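The values are calculated or read from the model by the stated rules, or taken from the named source; none is laboratory data. Predicted model only: the values in this text are computed from it and were never measured. No Cβ is skipped: glycine too gets one built from the backbone with ideal geometry, and neighbour counts run over all protein chains shown. With ligands, DNA and RNA removed, areas are computed over all heavy atoms of the protein, side chains included. Shrake-Rupley method; radii C 1.70, N 1.55, O 1.52, S 1.80 Å.
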Amino acid sequence: MTQHFDIVVVGGGPAGMAAAACAAEYGKPVVIVDDNLTLGGQIWRGKDIPAAARKWQARLDSVSAHVTRIHGARVFSQPVPGVLRAEQNGRYLDIAYRKLILATGARERFLPFPGWTLPNVVGAGGLQALVKSGLSVKGKHVVVAGSGPLLLAVAAYLQTHGAKVLAICEQAQFSRLLKFVHSIVTDSGKLRQALTYKMQTMSVPFYAGCYPVSAGGGKKFESVTLRQGKRAWTIACDYLACGFHLVPNTELAEFFGCRISNGKVAVDKWQQTSILDVYCAGEPTGIGGAELALVEGQIAGYAAAGQQDKAHSFFEERARRRKFAQLLEETFALDPALAQLPQDETLVCRCEDVPYSVLKHEPSWRAAKLHTRCGMGPCQGRICGTATEFIFGWTAGQVRPPIFPTPLSSLGAKPELIELQETR
Amino acid sequence: MPERIALTINGRQWETSEGTTIAAAIMNTEAACRTSVTGEERGPLCGMGICFECRAIVNGVPHQRTCQMLCQDGMDVTTQ
Ligand SMILES: Cc1cc2nc3c(=O)[nH]c(=O)nc-3n(C[C@H](O)[C@H](O)[C@H](O)COP(=O)(O)OP(=O)(O)OC[C@H]3O[C@@H](n4cnc5c(N)ncnc54)[C@H](O)[C@@H]3O)c2cc1C
Ligand code: FES
């Protein structure tokens, strides 16, 4: 059965929630499709959500007559133009749209180093998500490493949940961090947040220009060796929470043929992509935090609903918040030395267990996929593709459906070709 | 008090609170989730459904991404 909507929003994080709420204010039938069990995206998860999250929940509830929510469904292809196909509990759903808003968020970037595949070497946001969903870290010793503002937030979160954070290691140099702090002095909200996290982790040593060079242990992780300049030292701990900032989830946009520029989905002033009636908001257009995601979501929602004047009123705020996104990009740019961390036997592709020694002779991502099965496993290159882009400078080729592995039964089925109903 | 849920992980009974994902429950038992194609033990990495490292057998169905599934009373989970 194909369901029909005027506006389909893919992704229920801050950007998607704002887009759906704004579009529905004008009575358009809207559906919001998300692969999680609840709305909120990567940031508004679990029980202790902030006031902003509750505000947007309430705004969505107030227009609930026009908003359909589909949870636990992952969009993976487009069987015919204008129809999305999503998988939910092993079955597929077809959803027809007039306008599409992609708000698929971002993911953590993981980089390979010896020992990174050991259990308990987890993402930084990854460990936080696991604790939010019931992992107990009470009394556990954790080293938080990688890059980005997330590290401080994660360390503070883990501490308040009873973990003992032994070190926070940021790969960016101290001089860049200073410039970053200097630039956010005028943004009271951001500054307050940064200071709160810093206060909560006051007792934890913070190292700039520092990164893990290896993780050690038998079957399970036992210790991490860190390097800062010429100094290297080893810390015994239970978890290494390690993520190198975030990367935009552009796969779905790429699949629709939207232009990607510099790893981000290119959009015009209305948040419309290079494809007519396909909009994009939030982290896929560049990593800028929840506030920018909300502003972009509102612009996309209003623009898709034909309320250009309303959308326009957010342009100024968006310009200001985009400056912060630019600042993030400059501050947390990766140190090229990180590309030298994998050793010959270090596995780069975790799904197919392809080591660095095999990949280093390959000329391109395409060749590597063909000859070594790198990127052919279930993550479909989301982990190793991002890593090899940095290590070897490869760019992933064209995205082919399905963009997520799905039970075979949902692939071939033809959608019911029902005339699009006039919903306006 | 959050409601308690009883499930079996690798043949043993465990209790957990409502809202716990299977991945978190498996980690709480100190087990790994899956064995890789070359025989390495693996546990969750991303916690958000993209890396597929948290795959396990849930109620007899293999390759389930356990970080995206909540524990339910009477569930049977086996690492793979
Ligand atoms: C692991 C992680 C932890 C983070 N922790 C913090 C933090 O502690 N503090 C902080 O300030 N910021 C944090 N951030 C950044 C913050 O999440 C973002 O700034 C904010 O959520 C951006 O909102 P968004 O709506 O653009 O994306 P998201 O919140 O990521 O929402 C995107 C949504 O789209 C869904 N989706 C993606 N593809 C599909 C598909 N094909 N089908 C269906 N649904 C799909 C995703 O599951 C997700 O729910 C974190 C980011 C990550 C990745
Ligand atoms: S931990 Fe990555 S998919 Fe579950």
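Computed quantities for the displayed model
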| item | result |
| --- | --- |
| Fraction of beta bridges assigned by DSSP in the protein assembly as shown that are antiparallel (%, nearest 5) | 55 |
| Buried solvent-accessible surface, both chains (B, A), 1.4 Å probe, Å² to nearest 100 | 2800 |
| Most mobile of B:G39, B:G11, B:G47 in a GNM of chain B (Cα contacts under 10 Å) | B:G39 |
| Relative contact order of chain A, pairs being alpha-carbon contacts under 8 Å that are 6 or more residues apart, as % | 19 |
| Size of charge dipole - the protein assembly as shown - debye, nearest 20, with Cβ of Lys, Arg +1 and Asp, Glu -1, no other charges | 780 |
| Qualifying GluC sites (Glu not before Pro) in the range B:6-80, DSSP loop, other Cβ atoms within 10 Å at most 11 | B:E30 |
| Exposure of A:H245 as accessible area (Å², to 10), given a probe of 1.4 Å and all protein chains | 20 |
| Accessible-area ranking of A:E170, A:E87, A:E222, largest first, probe 1.4 Å | A:E222, A:E87, A:E170 |
| Length released on extending from A:I49 to A:R373, taking residue separation times 0.36 nm less the Cα-Cα span | 112.5 nm |
| Cα centroid separation - the range B:23-80 against the range A:81-146, whole Å | 14 |
| Chain A: angle of helix A:174-184 to the longest principal axis, Cα-based, in degrees nearest 10 | 40 |
| Cα-based radius of gyration of the protein assembly as shown once divided by 2.2 N^0.38 Å, which approximates compact folds | 0.94 |
| Added length on full extension, which subtracts the Cα-Cα distance from 0.36 nm per residue, A:S136 to A:L191 | 16.8 nm |
| Cα gyration tensor shape for the range A:342-392, rounded if a/c is under 1.5, else prolate or oblate | rounded |
| Furthest towards positive pole of dipole, A:T285, A:P79, A:A153, structure part chain A, Cβ charges | A:A153 |
| Cα centre as origin, Lys/Arg/Asp/Glu Cβ charges: the range A:110-244 dipole, Debye | 100 |
| Point-charge dipole on Cβ atoms (K/R +1, D/E -1) for chain B, about Cα centre, debye to 20 | 200 |
| Cα gyration tensor category, rounded, prolate or oblate, for the range A:145-210 with a/c compared to 1.5 | oblate |
| Distance between modelled label sites at B:E40 and A:R320, nm, 7 Å Cα→Cβ extension | 4.6 |
| Shape category assigned to the range A:22-100 from the gyration tensor of Cα positions, a/c cut at 1.5 | oblate |
| Label-point separation in nm, A:N89 to A:M202, each point 7 Å along Cα→Cβ | 5.0 |
| Cysteines (scope chain A) whose Cβ has no counterpart Cys Cβ under 4.7 Å | A:C22, A:C237, A:C242, A:C258, A:C280, A:C351, A:C379 |
| Out-of-range pairs (alpha-carbon distance over 24 Å; input A:K140/A:K198; A:K55/A:K269; A:K140/A:K220; A:K230/A:K264; A:K138/A:K179) | A:K55/A:K269; A:K230/A:K264; A:K138/A:K179 |
| Rough spin-label spacing in nm, given labels placed 7 Å along Cα→Cβ, for A:Q228 and A:K179 | 2.1 |
| Relative contact order for chain B, counting Cα pairs under 8 Å that sit 6 or more residues apart, in percent | 36 |
| Sites matching trypsin sites (Lys or Arg not before Pro) across the range A:15-118 that sit in DSSP coil, with at most 12 neighbouring C-beta atoms within 10 Å | A:K47 |
| Residue-level accessible surface for A:T273, protein heavy atoms, 1.4 Å, Å² | 10 |
| Between helix A:14-25 and chain A: long-axis angle, C-alpha atoms, 0 to 90°, nearest 10 | 10 |
